[in-house]
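Shown next, in C-alpha coordinates, is the structure this report addresses.
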Amino acid sequence: MGRIDKGVKCSVSGCNKEAARSLSAEKVKAAGLNVGSERRSYLCKEHYKEYKKRTKKDKQLEKWRHMG
Ligand SMILES: [Zn+2]
(Lines give C-alpha, C1' and ligand atoms only; values in the text may rest on other atoms or scores of the structure.)
Protein backbone atom coordinates (compact mmCIF):
# COMPACT_ATOMS: atom_id res chain seq x y z
CA MET A 1 0.00 0.00 0.00
CA GLY A 2 0.97 3.57 -0.23
CA ARG A 3 2.91 4.62 -3.26
CA ILE A 4 1.04 6.20 -6.10
CA ASP A 5 2.13 7.39 -9.50
CA LYS A 6 1.64 11.01 -10.31
CA GLY A 7 -1.50 11.80 -12.20
CA VAL A 8 -3.52 8.90 -10.89
CA LYS A 9 -7.09 9.89 -10.22
CA CYS A 10 -9.38 9.04 -7.39
CA SER A 11 -11.37 5.86 -8.11
CA VAL A 12 -14.55 7.04 -6.51
CA SER A 13 -17.30 7.44 -9.04
CA GLY A 14 -17.72 11.06 -10.05
CA CYS A 15 -14.50 12.22 -8.41
CA ASN A 16 -11.66 13.47 -10.56
CA LYS A 17 -9.20 14.58 -7.98
CA GLU A 18 -5.66 13.39 -7.76
CA ALA A 19 -5.25 10.24 -5.70
CA ALA A 20 -3.41 10.41 -2.44
CA ARG A 21 -3.71 6.84 -1.28
CA SER A 22 -4.13 3.39 -2.70
CA LEU A 23 -6.10 0.74 -0.91
CA SER A 24 -7.60 -2.60 -1.70
CA ALA A 25 -10.91 -2.05 -3.45
CA GLU A 26 -12.53 -4.55 -1.17
CA LYS A 27 -11.85 -2.43 1.87
CA VAL A 28 -12.97 0.72 0.19
CA LYS A 29 -16.20 -0.89 -0.89
CA ALA A 30 -16.75 -2.24 2.58
CA ALA A 31 -16.61 1.33 3.78
CA GLY A 32 -19.44 2.14 1.40
CA LEU A 33 -17.54 4.17 -1.16
CA ASN A 34 -18.50 3.76 -4.77
CA VAL A 35 -15.39 2.53 -6.57
CA GLY A 36 -14.87 0.44 -9.67
CA SER A 37 -14.12 -3.25 -9.84
CA GLU A 38 -10.35 -3.04 -10.01
CA ARG A 39 -8.50 -4.78 -7.24
CA ARG A 40 -6.87 -1.57 -6.22
CA SER A 41 -8.63 1.64 -5.41
CA TYR A 42 -7.17 5.10 -5.38
CA LEU A 43 -8.51 7.72 -3.09
CA CYS A 44 -8.02 11.45 -3.03
CA LYS A 45 -7.40 13.11 0.30
CA GLU A 46 -11.03 13.84 0.87
CA HIS A 47 -12.26 10.39 0.10
CA TYR A 48 -9.51 8.88 2.14
CA LYS A 49 -10.72 10.94 5.06
CA GLU A 50 -14.22 9.74 4.46
CA TYR A 51 -13.00 6.18 4.19
CA LYS A 52 -11.26 6.45 7.52
CA LYS A 53 -14.27 8.01 9.13
CA ARG A 54 -16.52 5.27 7.88
CA THR A 55 -14.26 2.40 8.80
CA LYS A 56 -14.04 3.76 12.28
CA LYS A 57 -17.68 3.77 13.08
CA ASP A 58 -19.25 1.44 10.59
CA LYS A 59 -18.57 -1.88 12.20
CA GLN A 60 -22.15 -2.67 11.37
CA LEU A 61 -21.44 -2.74 7.70
CA GLU A 62 -18.87 -5.42 8.19
CA LYS A 63 -21.40 -7.54 9.96
CA TRP A 64 -23.86 -7.00 7.19
CA ARG A 65 -21.33 -8.11 4.58
CA HIS A 66 -20.69 -11.38 6.32
CA MET A 67 -24.37 -12.11 6.41
CA GLY A 68 -24.80 -11.57 2.69
ZN1 LIG B 1 -12.09 11.40 -4.47
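Modelled with pLDDT of 90 or more and either in contact with a Gly (Cβ under 6 Å, 6 or more places away or on another chain) or more than 14 Å from the ligand (Cβ to nearest atom) (or both): does that describe E18? No. When G2, G68, G7, G32 are checked against the criterion of being modelled with pLDDT under 95 and surrounded by 12 or more Cβ atoms within 10 Å (Cβ to Cβ), G32 stands alone in meeting it.
Sort out which residues of region 35-47 are more than 8 Å from the chain's Cα centre (by Cα) and more than 13 Å from V8 (Cα to Cα), and write them in order of number. If the condition is that a residue be more than 8 Å from the chain's Cα centre (by Cα) and more than 13 Å from V8 (Cα to Cα), then G36, S37, E38, R39, E46 are the ones that fit. Counting only residues that are away from the ligand (no atom under 14 Å from the Cβ) and either aliphatic (A, V, I, L, M) or in a helix (DSSP H, G or I) (or both), region 26-55 holds 5 of them.
Scan region 1-40 residue by residue and report those that are of a type in the set (K, R) and within 18 Å of K56 (Cβ to Cβ). Listed by number, the residues that qualify are R21, K27, K29.
The values are calculated or read from the model by the stated rules, or taken from the named source; none is laboratory data. These figures come from a predicted structure and were not determined experimentally. No Cβ is skipped: glycine too gets one built from the backbone with ideal geometry, and neighbour counts run over all protein chains shown.
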